[in-house]
Amino acid sequence: MRLQRPALIVSFLAGLLLAGCTREPAGPGPSAPLFTLRIPPGWPPPPLRADNPLTVASVELGKALFFDERLSLGRGISCASCHHPARAFSDTVALSIGVEGGVGARNAPSLANVAYHPLLLRDGGAPTLEQQVFIPLFDEAEMDADPQQVVELLRTDPHLTELSIRAFGKPMDLYVLTRSLANYQRTLLGGTSRYDRFLQGDATALNEAELRGMQLFTGAANCASCHVGFDQTDHDFHNIGTSLDHAADPGRQRISLDPADRGKFKTPTLRNIALTAPYMHDGSMSTLEEVVVHFNSGGLADPNKDPLMVPLQLSADQQQDLVAFLRSLTDERSLDIVE
Amino acid sequence: MSYAHVPVRLLLIALVMLAGCRKDPAVPAPPVPGVDMQTLQLTVKPLWNGTPFDKDMVHAAAGDQRIKVTELKFYLAPLQLIGSDTIVELFDADLFQVINGPVHRTLSVPVGDYQSVGLGLGLPYALNHRDLATIPPNAPTGNNSGMYWSWATMYRFVIFSGRFDSDPSGTDEPPFVFDLHTGLDTCYRTRTVPFNLNVTDDDTARLTVSVDIARFFSDGTEVLQLSDGAFWHGTDNIPLGLKVADLQVAAFDVLEE
């Protein structure tokens, strides 16, 4: 059965027209080599996005952009300015400093294992890593840059253009920028701590104090009610009574507008917690000891405080053991495995 | 078996498919085969107490306030003509900046009788949560709109800014700044305004949507007293944001012109 020539011509033209009207830019071809994640034993593979394949080229581009100060239009701030690799991709100060001395509103969280996070930011305001990229770009206290201007600046770099074309088949644009940065962050997996070695059967990996701390963590201290699972977070939002004044930062309520969410923030991972001081959403606690004292007290009497936040009656020795255990959660290898 | 009819059918199918893949959400739907279309001239017109709005004037507002407006931008999403058995979407989302006076759009609409106009102020959930990186920069919801609320990965719905004075006897430039940005899904509002519009083959149709800015300050019951709260950016004082959203959508009308 054969179509007559006019039919073939119309079919061909229709096909051409349709090929040119896709909403999403063309991604890399199906044969593009994929990046091999270093997934720790016992951990599930992180959820990846079908519309943003984790290709080697996109990850390489993302890493190049992560350390590129042109994201702040050349004003000295890159992603790495506030997410230091040596600090499990967190910052060393309570509130990060952005362009022209701008002070951020919250403590910069670790990026370890963000590939597993269903929502990003401490209030869960970003549904994907791709969309999260816009937040520091626009934020006046961070990069304060029009993303379109950033794209135009990056397009002047032949190396980035070459990487962009290799990764996404086209020069830099907002799509390429957000996809590549998201993919690089997806590769930042931990799971190489002494605690992990202990779980994998090395009985000598934790000392006595750390073992006692681990028992408290899952037992009397009740930490594991929220810091649960391989990444030690329930990915939920809790008010833990660190402050009674939420006018400046209502937390999850900022997104939901629900008064019951006032003062709630996302449970952070505790992995690499020894590297990520200061602590809490506002960086208001300087040391792990201070954090444990807070939880032991049961927190301030906030009306939205989580019912699990009650005085723990831990002794001073027990608190030290808990801190010792938390220190065993530090990865022994770099989170960054991108060449 | 004859395929003489195939080219026409394929062409129609291709046209229908192309109609569904437009990139700019403000572009009106293309003509539908077999349906008579007519041009519609849409005007979105700012008013103050029923008279044309003048941005250079200091206006008297409810609550003994003096108001000078310096910015008013908002999304209408969607704008619909509603007939007895049909709803025609004029656009799914468009951005209007009316501080300098009326704004015009030329649209296309099927011939017919319509009894009301449906409008949404702000962006419905699906549009509010789109990924900015997938939207052409110059589209109404693109990067260059200046409406993206990055901290929420959503959009501002209305930007309403200016200066105010709580002393109605003042004569100088109002001394205090107000800046009310509504957004977040809970601030999205819809309205249906009864309005008879007969679109015929013969003549260009005209539709004027008005926004009476004076009514942002009172609907006859509630008063927006800026001295009680002149800033809203979604982070605190949630009742203020919801009140502003309610008052603003009630200020829209459709005019007989």
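Please treat every number below as a calculation from the coordinates, not as lab data. Nothing here was measured: the structure is a model prediction, and the numbers come from that model. Here the Cβ positions follow ideal geometry from the backbone for every residue, glycine too, while neighbour counts run over all protein chains shown.
Counting Lys +1, Arg +1, Asp -1, Glu -1, what net charge surrounds A:ALA277 among other residues with beta carbon under 12 Å of its beta carbon? List each step's numbers first, then the result.
Details: positive: A:ARG87, A:ARG327; negative: A:ASP91, A:GLU289, A:GLU290.
Once all neighbours under 12 Å are counted, the net charge is -1.
Give the long-range amide H neighbours of B:PHE91: residues separated by 5 or more places, or on another chain, with amide H under 5 Å away, using H modelled in the peptide plane at 1.01 Å from N.
B:LEU79
Nearest 500 deg cm²/dmol is fine: what mean residue ellipticity at 222 nm does chain A get from its DSSP H runs of n ≥ 4 alone, each adding -39,500 (n - 2.57), divided by its residue count? It would help to have the intermediate numbers written out before the result.
Details: 13 runs with 114 residues, N = 339.
Only helices count here, giving -9500 deg cm²/dmol.
Using only Cα atoms, find the angle between the long axis of helix B:6-19 and the longest principal axis of chain B, and express it within 0 to 90 degrees, rounded to the nearest 10.
Once rounded, the angle reads 10 degrees.
Name the most mobile residue of A:ASP249, A:ASP317, A:ASP282, meaning the one with the largest mean-square fluctuation, in a Gaussian network model of chain A with Cα contacts below 10 Å.
A:ASP317
In debye, nearest 20: dipole of the stretch A:194-327 around its Cα centre with unit charges on the Cβ of K, R (+) and D, E (-)? Working shown, then result.
Values: 11 positive and 18 negative charges, 34 e Å.
Once rounded to the nearest 20, the dipole reads 160 debye.
Please check: in the Gaussian network model of chain A (C-alpha springs, under 10 Å), which one of A:ARG166, A:ARG179, A:ARG49 has the largest mean-square fluctuation.
Evaluated over chain A, the most mobile residue of the options is A:ARG49.
Quick check on the stretch A:184-339: take the gyration tensor over C-alpha atoms, sort the square-rooted eigenvalues as a ≥ b ≥ c, and tell me if it's rounded (a/c under 1.5), prolate or oblate.
Taking the square roots of the gyration eigenvalues as a ≥ b ≥ c, the stretch A:184-339 is oblate.
Please label the shape of the protein assembly as shown as rounded, prolate or oblate, based on the square roots a ≥ b ≥ c of the eigenvalues of the alpha-carbon gyration tensor (a/c under 1.5 means rounded; beyond that, a/b larger than b/c means prolate, else oblate). Present the calculation step by step, with values, prior to reporting the outcome.
Working: a/c = 2.35, a/b = 1.36, b/c = 1.73.
Oblate, since a/c reaches 1.5 and b/c is not below a/b.
In whole Å, what is the distance between the alpha-carbon centres of the stretch A:124-163 and the stretch A:227-250?
Going from one Cα centre to the other spans 28 Å.
Simple spin-label model, 7 Å along Cα-to-Cβ: B:ASP56 to A:ASP258 in nm?
So the two model labels end up 5.1 nm from each other.
Answer rounded, prolate or oblate for the stretch A:33-186, using the Cα gyration tensor with square roots of eigenvalues a ≥ b ≥ c: rounded when a/c is under 1.5, else prolate when a/b is larger than b/c, else oblate.
Numbers: a/c = 1.78, a/b = 1.07, b/c = 1.66.
Oblate, since a/c reaches 1.5 and b/c is not below a/b.
Inside 10 Å of the C-beta atoms of A:118-127, what's the mean count of C-beta atoms belonging to other chains?
Values: counts 0, 0, 1, 3, 0, 2, 0, 6, 4, 4.
Going residue by residue through A:118-127 and averaging, the value is 2.
Per residue of B:150-159, what is the mean number of Cβ atoms on other protein chains within 10 angstrom of that residue's Cβ?
Details: counts 13, 11, 7, 13, 4, 0, 0, 0, 0, 0.
Counting Cβ atoms of other protein chains within 10 Å of each residue's Cβ and averaging gives 5.
Among B:TRP151, B:GLN97, B:LEU81, pick out the residue whose Cα is farthest towards the positive end of the charge dipole of chain B, where Lys and Arg carry +1 and Asp and Glu carry -1 on C-beta, about the Cα centre.
Of B:TRP151, B:GLN97, B:LEU81, it is B:TRP151.
Could you work out the equivalent-ellipsoid semi-axes for the stretch B:93-219, taking the square root of 5 times each eigenvalue of the Cα gyration tensor, largest first, in whole Å? Before the final figure, lay out each step's value.
On the way: eigenvalues 174, 110, 40 Å².
For the stretch B:93-219, the ellipsoid semi-axes come out as 30, 23, 14 Å.
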